[in-house]
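Peer 1: To start, I am sharing the structure in question, which I have written as structure tokens.
The values are calculated or read from the model by the stated rules, or taken from the named source; none is laboratory data. For clarity, every value in this text was computed on a predicted model and none was experimentally measured. Positions of Cβ are generated from backbone atoms using ideal geometry, with glycine treated the same way; all protein chains shown enter the neighbour counts. Side chains included, ligands, DNA and RNA excluded: accessible areas come from the protein's heavy atoms. Shrake-Rupley method; radii C 1.70, N 1.55, O 1.52, S 1.80 Å.
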Amino acid sequence: MNFVFVRLETSDGLVGWGEAACLGGPTWSEESAESIAATIERYIAPWLRGRDAAHIEALRTEMARRVQGNPFARAAVEMALWDLNGRALGVPVHRLLGGRVRDRVPLSWSLAVTDPAAEIVEARSMVARGHRIFKIKTGAHSLLDDLRRVEAIRAAVGPEVSLRVDANQGWDRLTALKAIQAMTPYDLGFVEQPLPRWDFEGMAELGRRVAVPLMADESCCSPHDALAIVRLGGVGILGLKLTKSGGLLGTMAIARIAEAAGLDCYVGCMIETSLGTAAYLHVALAATPVTWGCELFGPLLLAGDVTRDPVRYADGAILGLDGPGLGVDVDETALKEWTRPR
């Protein structure tokens, strides 16, 4: 994992932090840690200096005009603005988003182990620790292998545990139809992004032909994407990620579109530290249609963290935060230890 951290400081010494996490490089999208840092330093930071940090919406809009695309870079800056404003007012960010509608969010644990036997051991271990939701990564191997894994995991965890499948754009239309129909007996909660991100029509058609709900993740990065998905139909769940949507405001806009259309939402992750996870969590606490839980498990997978106290988990859920701003404090000494030379 590669990260870019944004530190904003006001003239009176108040500090806010933001984060963008990348899966090693430009693998999930075109952005990388290197491109994010360059975009912020060269094109965002110069005009942001001296501006009023309280005007988040105006700054977000101007940032989007000045920097086309690059949502991860813009999200990291906007995240820091929210942290600043929450700290200035002495309230958690979810209060600024309208207040929380839940005090914890059920946590989905992803299973993507190469060894199927080890995967079952991991699933049983997590069930023993209180987890009741698992997402199985598929699409990287043969359909037969994926079917055997889903069958084995369902048998291992029992009928009371919720299973979901994420193909990460790994299937074409015919394979997706065959796969979902074959997996239907295993009582899947949803199938995430079975088709390439650009195939909106295929997702709509597939959704009308299968009984398992479909979730759009890579296909749903902006409010415009969400509106197109709603108009085409067939998809029942929208995946929310702050960085793919340019920040909290863009993510909340997608959630409002889902709510108006009668769709549900799920909060994904890019394997953030406790800092980025906290920002995602505030949206998950405040957005009404987030009824499918989240996968905010980044701090549980990383070898280290950059906050003095990590986000907290209990009974298969991530717990809400009520401190000012994002509710976590960055340990700048720890951050320096993890920083690599540029």
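Peer 1: Kindly evaluate M203 against the criterion of being in a helix (DSSP H, G or I) and under 17 Å from A258 (Cα atoms).
Peer 2: Criteria met by M203.
Peer 1: Would you call E192 free of Cβ contacts under 8 Å to residues at least 24 places away in the same chain and in contact with a strand residue (DSSP E or B) (Cβ under 9 Å, 6 or more places away or on another chain)?
Peer 2: Taking the combined requirement at face value, the residue does not satisfy it.
Peer 1: Please verify whether S108 is within 24 Å of the chain's Cα centre (by Cα), under 22 Å from A317 (Cβ atoms) and hydroxyl-bearing (S, T, Y), treating the condition exactly as stated.
Peer 2: The answer is yes for S108.
Peer 1: Got a number for residues in the stretch 90-110 being assigned to a helix (DSSP H, G or I) and hydrophobic (A, V, I, L, M, F, W, C)?
Peer 2: 2
Peer 1: Another one. Could you tell me whether any residue of the stretch 102-118 is modelled with pLDDT under 95, over 22 Å from E295 (Cα atoms) and aliphatic (A, V, I, L, M)?
Peer 2: Yes, the stretch 102-118 contains at least one residue that is modelled with pLDDT under 95, over 22 Å from E295 (Cα atoms) and aliphatic (A, V, I, L, M).
Peer 1: Within the stretch 8-27, track down each residue that is open to solvent by 40 Å² or more (accessible area, probe 1.4 Å), farther than 17 Å from I56 by Cβ and touching a residue at least 60 places away in the same chain (Cβ under 8 Å).
Peer 2: Once the filter is applied, which keeps residues that are open to solvent by 40 Å² or more (accessible area, probe 1.4 Å), farther than 17 Å from I56 by Cβ and touching a residue at least 60 places away in the same chain (Cβ under 8 Å), the stretch 8-27 yields only L23.
Peer 1: List the strands (runs of 3 or more DSSP E) that sit entirely inside the stretch 111-194 and contain at least 2 residues that are touching a Lys or Arg at 6+ places or on another chain (Cβ under 6 Å) and surrounded by 13 or more Cβ atoms within 10 Å (Cβ to Cβ).
Peer 2: The strands (runs of 3 or more DSSP E) meeting that bar are 162-166, 188-192.
Peer 1: Tell me which residues, restricted to the stretch 228-256, are aliphatic (A, V, I, L, M) and closer than 17 Å to L281 by Cα.
Peer 2: L238, L240, L242, L248, L249, M252, A253, I254, A255
Peer 1: For L326, indicate whether it is touching a residue at least 40 places away in the same chain (Cβ under 8 Å), over 19 Å from A33 (Cα atoms) and in contact with a helix residue (DSSP H, G or I) (Cβ under 8 Å, 6 or more places away or on another chain).
Peer 2: Spelling it out, L326 is indeed touching a residue at least 40 places away in the same chain (Cβ under 8 Å), over 19 Å from A33 (Cα atoms) and in contact with a helix residue (DSSP H, G or I) (Cβ under 8 Å, 6 or more places away or on another chain).
Peer 1: Here's a follow-up. Which one of E30, E34, E57 is under 13 Å from T243 (Cβ atoms) and open to solvent by 80 Å² or more (accessible area, probe 1.4 Å)?
Peer 2: When all the criteria are applied, what remains is E30.
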